[in-house]
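Notes follow once the structure below has been shown.
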Amino acid sequence: MAIRRSAGLLVHRTTDDAGLQVLLGHMGGPLWARKDAGAWSVPKGEYTEQEAPLDAAVREFTEELGAPPPPGPYTSLGEIRQSGGKHVKVWAVGGDFDPAALRPGTFTMEWPPRSGRRQEFPELDRVGWFAPEEARGKLVKAQGAFVDRLLEHLG
């Protein structure tokens, strides 16, 4: 079985009033609608071996948020393995966005299950800025390592 791989960008900013913050997206669709803790993610998406992971991270950011990512520089935060087996590579980049202005992409799935009806849902139904401690509690568990690595990088 092939390894599922995703790549993403962890955008960060520092403001006078809030300090360091990271941009996260709440996973869209009915399976995540009533969950908060563990239901947020670094904006990311799958890629194949034919695509460079950083290129995929930039492409997926644009697809998931409806806006191009900051121009860089990009700093590798390495790779983690999520509990479902997916390998995720992430790069940090400084930038700033108004979450209300972002227009996430959509996906289609059968809902309700076995109904034969297909419905469209946003890939991310909410986007927000979070301090590192709060971000760790909201992120899919394994992705919290990226926040720790960002903090190490920023010193």
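The numbers here are math on the coordinates, done by the rules we state, and not lab data. Predicted model, so just to flag it, every value in this text is computed and none were measured. Virtual Cβ from ideal backbone geometry, glycine too; neighbours counted across all protein chains shown.
Relative to the dominant Cα principal axis of the chain, helix 53-65 is inclined by about 70°.
Less than 5 angstrom separates the built amide H of Lys44 from none of the residues sequence-distant by 5 or more or on a different chain.
Can you compute the FRET efficiency between Ala67 and Asp17 using 1/(1 + (r/R0)^6), with r the Cβ-Cβ distance and R0 = 35 Å? Round to the nearest 0.05. Display every interim value, and only then the final one.
On the way: r = 23 Å, r/R0 = 0.67.
After rounding, the FRET efficiency stands at 0.90.
I need the chymotrypsin sites (Phe, Trp or Tyr not before Pro) found in region 80-112, filtered to DSSP loop residues with at most 11 other beta carbons within 10 Å of theirs.
none
Computed 3J(HN,Hα) for region 66-78, one whole-Hz value per residue from the Karplus formula 6.51 cos²θ - 1.76 cosθ + 1.60 where θ = phi - 60°, is x, 8, x, x, x, x, x, x, 9, 10, 5, 9, x, glycine and proline marked x. Rounded to the nearest Å, what's the spacing between the alpha carbon centres of region 109-155 and region 1-17? Just the number, please. Region 109-155 and region 1-17 have Cα centres spaced 10 Å from each other. Less than 18 Å from a label point 7 Å out along the Cα-to-Cβ axis of Asp36: which backbone N atoms in region 115-155 qualify, by residue? From region 115-155, the list is 125-141.
Could you give the length gained on full extension between Arg81 and His153, defined as 0.36 nm per residue of separation minus the Cα-Cα distance, in nm?
Working: separation 72, 0.36 × 72 = 25.92 nm, distance 2.03 nm.
Between Arg81 and His153, full extension yields 23.9 nm more.
Applying the Karplus relation 6.51 cos²θ - 1.76 cosθ + 1.60 with θ = phi - 60° to region 99-113 yields 3J(HN,Hα) values of x, 5, 8, 7, 10, x, x, 10, 9, 10, 8, 6, 8, x, x Hz, where x marks Gly and Pro. Relative to the longest principal axis of the Cα atoms of the chain, helix 144-154 runs at roughly 20 degrees.
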